[in-house]
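The values are calculated or read from the model by the stated rules, or taken from the named source; none is laboratory data. What you see is a predicted model; the values in this text were computed from it and never measured. When we count neighbours, we look across all protein chains shown, and the Cβ atoms used for this are built from the backbone with ideal geometry, even at glycine.
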Amino acid sequence: MTPISGIKNNISNGIDKSIGKISLNTEPLHLRVGRRDPSFAERLNFAVKDVNSKQNLADEATEGVMKDEVGIHEGMLAIGKADTSLRLLMQVKSKAMEAYKEIINMQL
């Protein structure tokens, strides 16, 4: 089955033949939940772990600079990477929260 024919089948399954209106409830909720793509949650989990590891490296680099084991440039580079990754994660969180609030406030 081609993707287009699959879309046509899904659209035609959602149309109530007797009324001629499109039905929003084409399948049970438990089937839709079972098909849910966990990739967003996995990606978010990976991003949080990545930011945490960069923060830990920045802490170790700071200690290394104070002990004169690491150069100041390497320490500042590690701190800059940690700062940038944390800021990016905070922006993603903010955008996700804005989208969530917007969806919650939608009128049906």
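Here is how the numbers come out for the structure above:
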| read-out | value |
| --- | --- |
| Region 16-36 - residue that is modelled with pLDDT of 65 or more and exposed (fewer than 10 other Cβ atoms within 10 Å of the Cβ) and, of those, nearest to residue 82 (Cα to Cα) | 36 |
| Residues (among the basic types (Lys, Arg) and part of a helix (DSSP H, G or I)) located in region 65-108 | 81, 87, 93, 95, 101 |
| Selection within region 40-52 - of a type in the set (S, T, N, Q) and surrounded by 12 or more Cβ atoms within 10 Å (Cβ to Cβ) | 52 |
